[in-house]
Amino acid sequence: MSDSPTYYPARRIKDLPTDLQPREMLERFGAANVPDAVLLAVLLRTGMKGKNVLDVATDLLRRYRSLSELSRATLEELSAIKSVKRVKALTLLAAFELGRRVRDEQLQERPVIRHPGDVDRVVRPLAERMSVEVFWMLPLNKKNRMITRQPVEISRGILDASLVHPREVFSAALRAGSAAVVLCHNHPSGDPTPSPEDVTITRRLIEAGRTMDIEVLDHVIVGRAVGSGDPCYYSLRESGLVDFSGKVSR
């Protein structure tokens, strides 16, 4: 018999096999491995006449189409649903708010990018292990805090337009919900001076970001620190080689 969780509808929860009842499924498979309806059922605890708690949970998901939409429902909206009422509505609101607060705490732990040196500190631990060029994108929220815990790797290999395509960069930025991005790549040779191709790619991505309403704040090239250990990076924004105002420099 497979160990993957499956829900077999029944009028009463106690009619289900014991290991397929919501709490037992949660205990057996773990919270990360059970369907959304099972997690909701554990919170709701009981159903109503003619519907068991899994039926009620499934109806809620169908009504709101996703957990994200359900999480935005108000107390009044949820309380008006016959199978939910006020106590269950309060339980759901509390659970979703806890989830938001956990997410906010995690975001606070992620670095704020205000200066090329901030980019260097985030990327250097990754770049120092690389013997080839790697292109990263740092997705940022409206306060310039990184949305992901690590930079998003876009490509590996000698940088050219075929490897760093706007579609790849901005599809990743959109998935992360970015308000802005910082571009970054390494020069394994150690010299962070940009090549003509680096400048061309940057201009192309700035223009693509402009059409998608995602601002490209900078493109930082990370070199290899030697000797004194002074920072070894190059900011195309600070250099003035590229116009980051949204207009492509010709």
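FYI, it's all coordinate maths here, none of it is from the lab. Predicted, not measured: the structure shown is a model, and the values here were computed from it. No Cβ is skipped: glycine too gets one built from the backbone with ideal geometry, and neighbour counts run over all protein chains shown.
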* Structure fact -> In this structure, the FRET efficiency calculated for THR200 and ARG156 from their beta-carbon separation, with R0 = 22 Å, to the nearest 0.05, is 0.70
* Can you give the angle from 0 to 90° between the axis of helix 116-127 and the longest principal axis of the chain, with both taken from C-alpha atoms, to the nearest 10? -> 80 degrees
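Given +1 on the Cβ of Lys and Arg, -1 on the Cβ of Asp and Glu, and no further charges, what dipole in debye does the range 116-239 carry about its Cα centre, rounded to the nearest 20?
480 debye
Quick check: residue separation of LEU126 and SER66 times 0.36 nm, minus the Cα distance between them. What number comes out in nm? Kindly include the intermediate steps, with their values, before the conclusion.
On the way: separation 60, 0.36 × 60 = 21.60 nm, distance 3.58 nm.
Difference between extended and current length: 18.0 nm.
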* Asked: How about LYS142: which lysines have a C-alpha closer than 30 Å to its C-alpha, ignoring those fewer than 8 places off in the same chain?
  -> LYS247
* **Size of electric dipole in the chain: Cβ of Lys, Arg +1 and of Asp, Glu -1, about Cα centre, debye, nearest 20** => 1400 debye
* To do: May I ask you to list the lysines whose Cα is less than 28 Å away from that of LYS51, ignoring any residue fewer than eight positions away on the same chain?
  => LYS14, LYS82, LYS85, LYS88
* Nearest 10 degrees, 0 to 90: what angle lies between the long axis of helix 53-64 and the longest principal axis of the chain (Cα atoms)? -> 50 degrees
* Asked: Which angle from 0 to 90°, rounded to the nearest 10, does the C-alpha axis of helix 85-108 make with the longest principal axis of the chain?
  -> 20 degrees
